[in-house]
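*Asks:* There's a structure below that I have some questions on.
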């Protein structure tokens, strides 16, 4: 019940932020959720004995999110500086055997969370409906996976990482994501070829499932069930957006690298 109630509050707010809100509201939401998710990622690292990135990591993430591309080379320079800062900050550690892992976690967290959100910002600028599809395929896929997995799931997908997931549920997730994306596109971006939309939806859903498994692996390695407790029924913010952190960059990449040059 808590899970449903939380979703009923969050989903309309997300839809409004993506499709109807002024840019500054959308950017503020991205930044706030990114900071919360990055903090939870940091805590997962700390639980595994790795020094967290803390405020320097958050500052680097915000720089990656908001650096204007007109100031070449833009985000690429931010990533390079973040890597240098991560290695320099690792020098402060008393136990230098963890210096490399600390620097790696710093940079991974920045790119993992804020790099994906930067893709979300760029995708919304191209067409907010494509960003909505990138989010929708994971939402619909999660629901389909839950019911199809319960009804037909027999073959474990990744038992060491997430024992409850099955190949049947995974296939249902792909189908559910494609169905939702197809219906959405038919009514709201009818100018886009349906075949292309379905292909993007399938790729994004599979990426989202991988994102969910990756975060589950991080938590399992840290001995944690959830990344946080702020969202009743869902756990933490990272738990809620782990799929989207993979699906959004995939949709953005396909939209920019393929669909903008080839009529799918």
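*Asks:* Of the residues 225, 154, which single one is more than 30 Å from residue 47 (Cα to Cα), surrounded by fewer than 16 Cβ atoms within 10 Å (Cβ to Cβ) and in contact with a strand residue (DSSP E or B) (Cβ under 9 Å, 6 or more places away or on another chain)?
*Replies:* Result: 154 is the single residue among 225, 154 that is more than 30 Å from residue 47 (Cα to Cα), surrounded by fewer than 16 Cβ atoms within 10 Å (Cβ to Cβ) and in contact with a strand residue (DSSP E or B) (Cβ under 9 Å, 6 or more places away or on another chain).
*Asks:* Report yes if residue 145 is in a helix (DSSP H, G or I), touching a helix residue (DSSP H, G or I) at 6+ places or on another chain (Cβ under 8 Å) and buried (at least 22 other Cβ atoms within 10 Å of the Cβ), otherwise no.
*Replies:* Spelling it out, residue 145 is indeed in a helix (DSSP H, G or I), touching a helix residue (DSSP H, G or I) at 6+ places or on another chain (Cβ under 8 Å) and buried (at least 22 other Cβ atoms within 10 Å of the Cβ).
*Asks:* Right, here's the next one. Considering only the stretch 86-114, how many residues are over 24 Å from the mean Cα position of the chain (by Cα) and either surrounded by fewer than 13 Cβ atoms within 10 Å (Cβ to Cβ) or assigned to a helix (DSSP H, G or I) (or both)?
*Replies:* 13
*Asks:* Something else now. Any residue that is in contact (Cβ under 8 Å) with a residue 24 or more places away in the chain, part of a helix (DSSP H, G or I), farther than 19 Å from residue 218 by Cα and more than 18 Å from the chain's Cα centre (by Cα) - is there at least one of those in the stretch 151-161?
*Replies:* Checked against the condition, which is being in contact (Cβ under 8 Å) with a residue 24 or more places away in the chain, part of a helix (DSSP H, G or I), farther than 19 Å from residue 218 by Cα and more than 18 Å from the chain's Cα centre (by Cα), the stretch 151-161 yields no hits at all.
*Asks:* Have a look at 177, 195, 228, 223 and point out the one that is more than 20 Å from the chain's Cα centre (by Cα) and under 23 Å from residue 113 (Cα atoms).
*Replies:* Matching residue, one of 177, 195, 228, 223: 223.
*Asks:* Now, a different point. Picking from 206, 189, which residue would you name as being under 18 Å from the mean Cα position of the chain (by Cα) and either over 19 Å from residue 244 (Cβ atoms) or touching a residue at least 12 places away in the same chain (Cβ under 8 Å) (or both)?
*Replies:* So the residue among 206, 189 that is under 18 Å from the mean Cα position of the chain (by Cα) and either over 19 Å from residue 244 (Cβ atoms) or touching a residue at least 12 places away in the same chain (Cβ under 8 Å) (or both) is 206.
*Asks:* I would also like to ask the following. Only one of these conditions is not met by residue 25: (1) surrounded by 13 or more Cβ atoms within 10 Å (Cβ to Cβ); (2) in contact with a helix residue (DSSP H, G or I) (Cβ under 8 Å, 6 or more places away or on another chain); (3) in a helix (DSSP H, G or I). Which number is it?
*Replies:* The number of the failed condition is (1).
*Asks:* Next up: Does any residue of the stretch 257-264 turn out to be part of a helix (DSSP H, G or I) and either at pLDDT 90 or above or touching a helix residue (DSSP H, G or I) at 6+ places or on another chain (Cβ under 9 Å) (or both)?
*Replies:* yes
*Asks:* Could you check residue 213 against (1) in contact with a helix residue (DSSP H, G or I) (Cβ under 8 Å, 6 or more places away or on another chain); (2) free of Cβ contacts under 8 Å to residues at least 60 places away in the same chain; (3) within 16 Å of residue 250 (Cβ to Cβ) and say which number it fails?
*Replies:* Going through the list (1) in contact with a helix residue (DSSP H, G or I) (Cβ under 8 Å, 6 or more places away or on another chain); (2) free of Cβ contacts under 8 Å to residues at least 60 places away in the same chain; (3) within 16 Å of residue 250 (Cβ to Cβ), residue 213 breaks only (1).
*Asks:* Now for a different question. Testing residue 180 on (1) at pLDDT 95 or above; (2) farther than 26 Å from residue 26 by Cβ; (3) buried (at least 17 other Cβ atoms within 10 Å of the Cβ), one condition comes back false. Which one is that?
*Replies:* (2)
*Asks:* Can you tell which of 51, 72, 37, 63 is at pLDDT below 95 and in a helix (DSSP H, G or I)?
*Replies:* Only one candidate qualifies: 63.
The values are calculated or read from the model by the stated rules, or taken from the named source; none is laboratory data. All figures in this text were calculated on a predicted structure; none of them were measured in a lab. Cβ: placed from backbone, ideal geometry, glycine included. Neighbour counts: every protein chain shown.
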